[in-house]
Amino acid sequence: MYKGAIMSNKIEISRKIEELSQHENNRVSALKSLQSQFENEVLETAKGMKPKIKKMNLSDANEIVSMEVQQKILAPYKEKADKLNQELDITIKQLEDELTSLCDNYKFPDDMGDTWSLYRSSSTYIYATQAWGAKSYARGALQSSLQHLVSLGLDTEVKWISNGCDPHWGIESGTYELWVRGDSTDVEIAKWKPGLTLKQTIKAMEKIGVNPRVYYPFLPYND
């Protein structure tokens with residue numbers, strides 16, 4: 001594929017990703033607005049019921065306005081929220097399908113340039129219950145992503161950022177960062193491409209000596 005065609009496809013993917021993000025942001029903003037309108041109406045209803053109370057907050061209003069009345073106030077806002085979600089779900093699903101197809105067919109160029117971007121990070125704090133093994137499990141959490149990027153032919157680097165050792169136990173804490181050669185759009189494209197299967201992920205974790213059940217406690221104990 002010619003370099004110009006690759007760049008054109010990448011620009012189209014970047015536009016779709018931005019459009020998808022905008023729709024998600026619009027959903028959050030619209031739902032927050034509806035929530036605020038509902039709360040204001042509850043507050044105004046409470047003020048009408050208890051006009052002698054000069055300073056009233058939402059907690060006070062919730063004590064004054066019965067749940068039955070609040071449910072009646074909520075009904076039209078819930079209807080609007082449901083309609084909004086249904087419409088956005090359709091739009092977002094269409095965009096996600098388009099992105100999946102575009103990213104599946106996208107071929108990374110041989111020359112990825114000199115830019116490096118953060119792909120994922122994993123902290124020992126998440127695996128503190130593993131005590132002295134926390135560092136290994138923080139590193140293991142990146143293994144499937146690492147193999148995924150390598151399978152795409154991308155250059156990777158894992159960095160360890162230490163926060164020092166616990167003075168009592170001597171356990172080192174910190175964060176592992178997985179970096180990939182490419183820009184932020186390359187990162188998103190890689191994330192949209194099919195990754196490792198659960199079976200492949202388990203094998204990748206077992207290969208570096210970590211127990212997959214720490215990450216996936218639902219795994220059966222029979223082979």
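The numbers here are math on the coordinates, done by the rules we state, and not lab data. Small disclaimer: the values here were computed from a predicted structure and weren't measured. When we count neighbours, we look across all protein chains shown, and the Cβ atoms used for this are built from the backbone with ideal geometry, even at glycine.
Near Leu154, no amide H atom lies under 5 Å from its own; only residues 5 or more places off or on other chains count, and H is placed 1.01 Å from N. Residues whose amide H lies under 5 Å from that of Gly174, counting only those 5 or more places away or on a different chain, are Thr124, Tyr125, Asn163; hydrogens are built 1.01 Å from N in the peptide plane.
Please report Val65, Val187 as a ranked list, fewest other C-beta atoms within 10 angstrom at the top and most at the bottom. Write down the numbers at each step before the final one.
Numbers: Val65 21, Val187 18.
Least to most surrounded, the residues fall as Val187, Val65.
Using the Karplus relation 6.51 cos²θ - 1.76 cosθ + 1.60 with θ = phi - 60°, the per-residue 3J(HN,Hα) values for segment 184-192 come to 5, 5, 4, 4, 5, 4, 4, 5, 7 Hz, with x marking Gly and Pro. Amide hydrogen proximity for Tyr119: with H placed 1.01 Å from N in the peptide plane, the residues at 5 or more positions away or on another chain lying under 5 Å are Leu178, Trp179, Val180. Compute a Gaussian network model of the chain, connecting alpha carbons closer than 10 Å, and tell me which residue from Lys32, Lys135, Lys54 fluctuates the most. Maximum among the listed residues: Lys54. Once both axes come from the Cα atoms, what is the angle between helix 3-49 and the longest principal axis of the chain, in degrees from 0 to 90, rounded to 10? Its long axis makes an angle of about 30 degrees. Axis angle, to the nearest 10 degrees, between helix 67-105 and the longest C-alpha principal axis of the chain: 20 degrees. For the listed residue pairs Lys32/Lys93; Lys93/Lys207; Lys93/Lys203; Lys55/Lys83; Lys16/Lys135, the alpha carbons are over 26 angstrom apart in Lys93/Lys207; Lys93/Lys203; Lys55/Lys83; Lys16/Lys135.
Taking the charge dipole of segment 102-221 about its Cα centre, with +1 at Lys and Arg Cβ atoms and -1 at Asp and Glu Cβ atoms, the residue from Tyr106, Trp179, Ser123 reaching farthest to the positive side is Ser123. The residues Leu198, Leu99, when put in order of fewest to most other Cβ atoms within 10 Å, stand as Leu198, Leu99.
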